[in-house]
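The values are calculated or read from the model by the stated rules, or taken from the named source; none is laboratory data. Small disclaimer: the values here were computed from a predicted structure and weren't measured. When we count neighbours, we look across all protein chains shown, and the Cβ atoms used for this are built from the backbone with ideal geometry, even at glycine. For the accessible areas, the whole protein counts, side chains as well, though only heavy atoms, and no ligand, DNA or RNA atoms are used. Shrake-Rupley method; radii C 1.70, N 1.55, O 1.52, S 1.80 Å.
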Amino acid sequence: MVRGFSSIENHFISLIHASKTTSHLRQIHAQILHHGLIESSSMVVTQFIASCSSFKSINYALSIFHNFPNPNLYIFNALIRALSDNSQFQSLISYFSLMLQQNVRPDHLTFPFMLKSAMSLLEFRLGATLHAGIAKLGLEFDSFVRISLVDMYAKVGSLDHALQLFDETPVRTKATNMLLWNVLINGCCRSGDVQRAVKLFEAMPERTSNGDHKRALDTFYRMLDVGVKPNDFTVVSALSACSRIGALDAGVWIHDYILGNEFRINKEIGTALVEMYAKCGEIERANRVFCALKEKDLLTWSVMISGWAIHGCCEQALSCFEEMKSTGINPDEIVFLAVLTACSHAGLVDQGLLVFNSMWFHSVKPTVKHYACMVDLFGRAGRLEEALKFIESMPIEPDFVIWGALFCACRAHKNIEMAELASKRLLQLDPKHAGSYVFLSNIYAGAGRWEDVERVRHTMKSRHIEKPPGWSFIEVQGCVHSFIAGDQSHVLTEGIYRKLEELTVRAREQGYMPNTGWVLHNIEEEEKEDSLGSHSEKLALAFGLISTPSGSVIRIVKNLRVCGDCHSMMKFASRVCEREIVLRDIKRFHHFKDGACTCGDYW
DNA sequence: ATAGGGTTAG
């Protein structure tokens, strides 16, 4: 019972709180209407909107809102929160404008939800505008607002802003401090997320670099240095940063830290650990951690299955999938995608078809990604006619990725006519996409039409169409080094290039010719040819060779697909330098040993 | 003190 309101209001508040479904709400609605409260009690309406939101009935919430004359701050805040919780970020912004128009002054509870929309939309400008508004209203030092600001800046990739605000936050309670550290670390690794990085690259005034994962780890260590004890959220974020950059040593260190500091290995931590080992190349260890977990949910199974898939272990992926189903967990679309990917990489067409067809039984509707995976499955195996038939029979409109998969398969299996068909579709679909230009350029190059190649490249440059830069990470003695193509910023640059030169010369002597013609590349992800000789993964390899003890495993992580030339070089280096090289690219793992790769040159 | 408060895994 809340004091200060009429007993009839309190009566309805209790009813609203006790409601379990939208239809309960509708019954209460009728009564409130009868009492005239729906247009007069801002308190009741506020509660009502909040409850609609928790049942995901955002349109119901909006209709209630629109029936209330002169909504006050509480009602606006409830609505903004509802829109935020239901991911209606665009309309949230217009209701915020409406709020300002109606002279309702936003407060310290309005802004965090507004900032959340800036994060979700990856809108630096919106975030900065909100920040200015916050300062104007003197809300900058409210701890909730502060945390949201740091969170927002970190998530949209403006880590400098985030760090500055973080450092400039004077008074912190223990809880605030913990949250500040966690949102900063988590934001660092999120902003380094490849997909986000691509989006940011297109949308942001300040481009993010994938070195941000490294900053997440640095921040984690800084936290320990100043004696702040990490909690569950912190270690999950730090492990996630390790997963993304393949920092195995750091990941193991954090695992030990968890074991030594009385953490309970809950679902979140367990899943993060399994993912870390899987994505850092230690699939067997991932499996051991996975088997020992007491709590597993869909996500846990999902990272394990994806782990087997990216390591090319199709059998294990399939049996893990079966085991998951037998425990009564219903697979979702991401799990299916992982299983299909595993089948595709192993060339198991019929098995893949079986899995694809079983999606209906689990009421999982295939998305365009699943269809693309199926095209890839047929295409890789050289069953091009079936791939085309599959595309024609799809209930959805084929997109860029689907035609791209067919194109690659046609190229690999040398079906020129079908490749032409696919490339035409590609160009129709997305004339602005950087990948289209590279596709076009490659088609011309293949036909020897060099003037056309030049023209396309020129157009690309003049329209400022750029591709996300390729980068590679290598961890040496717990320290992560990142390289981009042609990188000269590393302190050991001279030695790196000398080693690379030496390797290239020896490779040529022994007849290692880059043979990329038949490789199943997604051309969209390829790097520019002119920097082929100093691709980031080659630089990372050379650095690894000169800075790690002989005989030790070299682990490299790349954000794009490995190129054919670099792949040959890795095979060569694994033999002549007697090193095992574990390379993770965006799609899968390559384990090089004695001049061969576990992908069987089929990726 | 008239209602409303924050982070983590595929």
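So the values come out like this:
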item	result
Apportionment of accessible area to carbon and sulfur, the stretch A:1-136, percent (1.4 Å)	54 percent
Relative pair counts by distance (%), Cα atoms of chain A, 20 Å bins	17, 46, 31, 6, 0
Stretch gain in nm, segment A:Val553-A:Arg449, where the contour uses 0.36 nm per residue and the Cα spacing is subtracted	33.1 nm
Average Cα contact separation per residue, chain A, under 8 Å, 6 or more apart, as relative contact order %	7 percent
Förster radius 60 Å - calculated FRET efficiency between A:His490 and A:Asn103 (Cβ-Cβ, nearest 0.05)	0.60
Cross-link reach list, lysines versus A:Lys593, counting only Cα pairs under 17 Å and skipping chain neighbours closer than eight places	A:Lys538, A:Lys571
Gyration tensor over alpha-carbon atoms, the stretch A:278-373, equivalent ellipsoid semi-axes in Å	21, 16, 11
Ranked packing of A:333-346, A:116-129, most packed first, by mean Cβ within 10 Å	A:333-346, A:116-129
Eligible lysines near A:Lys389 by straight Cα distance, threshold 23 Å, same-chain separation 8 or greater	A:Lys365, A:Lys369, A:Lys414, A:Lys424
Accessible area in square angstrom per residue, the stretch A:263-303, 1.4 angstrom probe	45 Å²
For the stretch A:80-142, with +1 on Lys and Arg beta carbons and -1 on Asp and Glu, the positive-most of A:Gly138, A:Leu98, A:Phe113 along the dipole	A:Leu98
Candidate lysines - alpha carbon under 24 Å from A:Lys174, same-chain residues fewer than 8 apart omitted	A:Lys116, A:Lys155, A:Lys229
Two-site FRET efficiency, A:Thr504 against A:Lys365, from Cβ-Cβ distance with R₀ of 41 Å, rounded to 0.05	0.25
Charged-residue dipole, Cβ positions (Lys, Arg, Asp, Glu), chain A about Cα centre, Debye nearest 20	660 debye
Calculated [θ] (222 nm, deg cm²/dmol) that DSSP helices of n ≥ 4 give over chain A, each run adding -39,500 (n - 2.57)	-20000 deg cm²/dmol
Label-point gap, in nm, between A:Gln90 and A:Asn357 - each point 7 angstrom along Cα→Cβ	4.0 nm
